[in-house]
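Colleague: Provided herewith is a single structure, encoded as structure tokens, for subsequent inquiry.
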Amino acid sequence: MEDFYADLAQKLEKLHAEHLFREFKSVAGPLSEWVEIKGKRLLNLSSNNYLGIAGHPLLRTAASQAVQQLGCGSTSARLIAGNYELYDQAEKDLARFKDTEAALIFNSGYTANLGIISTLADRGDIILSDNTNHASIIDGIRLSGADLLRFKHTDMGDLERCLQKAAGYRHKLIITDSVFSMDGDLAPLPAIVELKDKYKAALMIDEAHGGGIFGENGRGLAEYYGVSHRVEITMGTLGKAFGCFGAYVAGRKILIDYLRNKTRSFIYTTGLPPSVLASVQAALQVVQQEKWRREGVLAKAAWVRNELAEAGFKLLDSQSQIIPILIGDNTATVEFSRRLFDENILAVAIRPPTVPLNAARLRLTVMATHSNEELAGAVQHLKQIGRELGII
Ligand SMILES: Cc1ncc(COP(=O)(O)O)c(C=O)c1O
């Protein structure tokens, strides 16, 4: 056994040497606009609580009432005995919200992507995947056994070339994030739906970061672009803008019936606790009724982005509430994050393998409930430290 641990120790040493070792930052108190870490109060520019509703009174009340009435766990897989009626209600609400025939809730976005992709694609099929897609999509593709062509990030010429190469496969499935989680830019969905129709492919989109934010009703980027009804498979998460936990897939009833029967990451796992399902229903109401939140978060992010771009930071092509400051070097990125921490700002360094090699960055996220003053103060510190470190 000594060899086993010696090998782990060596691998960990390498991570340390490359400034890639990861540790927890434990948060005391709620994860909202400000967080408390190691007794320090920090402006939170690193959460996905984009709309600021994780602590909303309606969500809290719904969750605590469910705990009082039903207890804490579902203690069984949904197809055995863990299917609370709350599930049926939440799925109906989700389908109505997404304007689809049906929806199915998963325990997390990770297991949703893993399960959906590996269920719908198989040996003999081909998947065309944007090369910046989330790790859960990549893992789902690996598990599926289908062949893979990765097209250059948001490059429609390259997607078309890949579709031409894919002629002859039984099924072609295009998969893309709608809003890219680490770059904050947008998939060109109108062009993608044209191509998928032209080449008779199916399209799956991951609205983890678009849901609740984009579109007239907050349904996501596909709604914003007016192409929702041309997307075969839409998945999204409930633990980010919706402030709860879990994920869903929405689409035609035939798709949902098939996934419910075949998806291993859905079938062989315990259902979500009732408190989560009740809070999801409340979150759907809040997202639809409190439109000011999605309008606010996008307007505030646009202001921050503009300020940082004018100062000379490299922000990639961010067009959303996610604003990456590209630095490149791991050590410099960690140092920037540490200096911000000293100024009471939480802006976590994102390093490979979450992003490509030499593309380390700070991933800033704006919340609808950050005040203009809070964001202006943060921008001042970002500029000052950026100048001191020679980043701008
Ligand atoms: C694009 C994307 N898809 C899926 C996931 C996974 O979602 P979850 O955190 O619910 O597992 C994430 C979250 O990090 C994500 O950014």
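Rule-based calculations on the coordinates, nothing more; no lab input. This one's a predicted model, so the numbers in the text were calculated from it and none came from an experiment. Please note: Cβ atoms are built from the backbone with ideal geometry, for glycine as well, and neighbour counts cover all protein chains shown.
Colleague: Once the other residues with Cβ under 15 Å from the Cβ of Gly82 are scored (Lys, Arg +1; Asp, Glu -1), what is the net sum?
Modeller: Net charge in that neighbourhood comes out at -1.
Colleague: Still on this model: Would you kindly state the longest site-free stretch of the chain, with sites defined as chymotrypsin sites (Phe, Trp or Tyr not before Pro) in a DSSP loop (not H, G, I, E, B) surrounded by at most 11 other Cβ atoms within 10 Å?
Modeller: 25-267
Colleague: May I ask you to order 117-127, 381-391 by the average number of other C-beta atoms within 10 Å around their residues, highest value first?
Modeller: Result, highest mean Cβ count within 10 Å first: 117-127, 381-391.
Colleague: How fast does the range 116-249 diffuse by Stokes-Einstein, in µm²/s, taking the Kirkwood radius from C-alpha pairs at 10 °C and 1.306 mPa s?
Modeller: 108
Colleague: Residues of the range 256-276 with backbone nitrogen within less than 15 Å of a virtual label 7 Å along the Cα-to-Cβ line of Thr75, please, listed as ranges.
Modeller: Flagged as within label range: 270-275.
Colleague: Can you tell me the length gained on complete extension of the stretch Asn306 to Glu18, counting 0.36 nm per residue apart and subtracting the Cα distance?
Modeller: So the extension gain works out to 100.4 nm.
Colleague: How would you classify the range 289-392 from its alpha-carbon gyration tensor, with a ≥ b ≥ c the square roots of the eigenvalues: rounded for a/c under 1.5, else prolate if a/b is greater than b/c, otherwise oblate?
Modeller: Taking the square roots of the gyration eigenvalues as a ≥ b ≥ c, the range 289-392 is prolate.
Colleague: Using a Förster distance of 35 Å, how high is the FRET efficiency between Thr331 and His171, based on the Cβ-Cβ distance and rounded to 0.05?
Modeller: Rounded to the nearest 0.05, the efficiency is 0.20.
Colleague: Here's another thing I want to ask about it. Where Rh is the Kirkwood radius over the Cα pairs of the range 57-289, the temperature 37 °C and the viscosity 0.692 mPa s, what D in µm²/s does Stokes-Einstein return?
Modeller: Reported coefficient: 185 µm²/s.
Colleague: Can you give me the convex hull volume of the Cα atoms of the chain, divided per residue and expressed in Å³?
Modeller: Spread over its residues, the Cα hull of the chain gives 162 Å³ apiece.
Colleague: Here's something else I'd like to know. Using label points projected 7 Å from each Cα along Cα→Cβ, tell me how many nm separate Arg230 and Asp88, to one decimal.
Modeller: 3.7
Colleague: Under 19 Å from a point 7 Å along the Cα-to-Cβ line of Arg123: which residues of the range 244-277 have their amide N that close?
Modeller: Backbone N within reach: 264.
Colleague: Another question, if that's okay. Placing unit charges on C-beta atoms (Lys and Arg positive, Asp and Glu negative, everything else neutral), compute the dipole magnitude of the chain about its Cα centre in debye, rounded to 20.
Modeller: The dipole of the chain has a size of about 420 debye.
Colleague: If R0 is 25 Å, what FRET efficiency do you get for Arg260 and Thr61 from their C-beta distance, rounded to 0.05?
Modeller: The calculated FRET efficiency here is 0.25.
Colleague: Between Lys253 and Glu160, what's the calculated FRET efficiency when r is the beta-carbon distance and R0 is 35 Å? Round to 0.05.
Modeller: 0.65
Colleague: Can you list residues from other chains, or at least 5 along the same chain, whose modelled amide H is less than 5 Å from the amide H of Leu148?
Modeller: Ile127
Colleague: Here is a further query. Taking Cα pairs under 8 Å and at least six residues apart, what relative contact order does the range 57-289 come out at, in percent?
Modeller: That works out to 31 percent.
Colleague: Something else about it: If I model a spin label as a point 7 Å beyond the Cα along the Cα-Cβ vector, how far apart are those points for Ala6 and Gln288 in nm?
Modeller: Those two pseudo-labels are separated by 6.3 nm.
Colleague: Once the piece of chain linking Asn131 and Asp147 is laid out straight, how much longer is it, given 0.36 nm per residue of separation minus the C-alpha distance between them?
Modeller: Roughly 4.3 nm would be gained on extension.
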